[in-house]
Amino acid sequence: MTTEQECMMLKIQECEFVCLELNLYIDTNPNDEAALNDFNCYSAKLRQLIEAYEQLYGPLLNFGHSAFEVRSWTDSPWPWEM
């Protein structure tokens, strides 16, 4: 059985994978407008997923790269501990 937090993390990881693959494809096919549109769409979706996750469970990134202030992040499991 998976928790809601694990489900959210999986969606983030899936979206990150799509963004990475599209980024690599666009590097070799810079004139593919459909791929660029897909990349922009998935990038926006990834930002929304990360923002929603961080509102509930705390920051995913360090060094001030998260949209939210660091709050009791030491009290919750790290993303790789789930």
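Just a few scattered comments:
- Filter result (of a type in the set (S, T, N, Q) and open to solvent by 80 Å² or more (accessible area, probe 1.4 Å)) within region 41-55: Gln48, Gln55
- Residue pairs meeting the criteria (Cβ under 8 Å; at least 6 apart or on separate chains; first under 16 Å from Gln13 (Cα atoms), in region 39-63; second outside any helix (DSSP H, G or I) and β-branched (Val, Ile, Thr)): Pro59/Val70
- In region 24-38 there is at least one residue that is open to solvent by less than 80 Å² (accessible area, probe 1.4 Å), out of contact with any helix residue (DSSP H, G or I) (no Cβ under 9 Å at 6 or more places or on another chain) and modelled with pLDDT of 95 or more.
The values are calculated or read from the model by the stated rules, or taken from the named source; none is laboratory data. Being a predicted model, the structure only gives us computed values, none of them experimental. Ideal geometry is used to build each Cβ from the backbone, glycine not excepted, and the neighbour counts take in all protein chains shown. Side chains included, ligands, DNA and RNA excluded: accessible areas come from the protein's heavy atoms. Shrake-Rupley method; radii C 1.70, N 1.55, O 1.52, S 1.80 Å.
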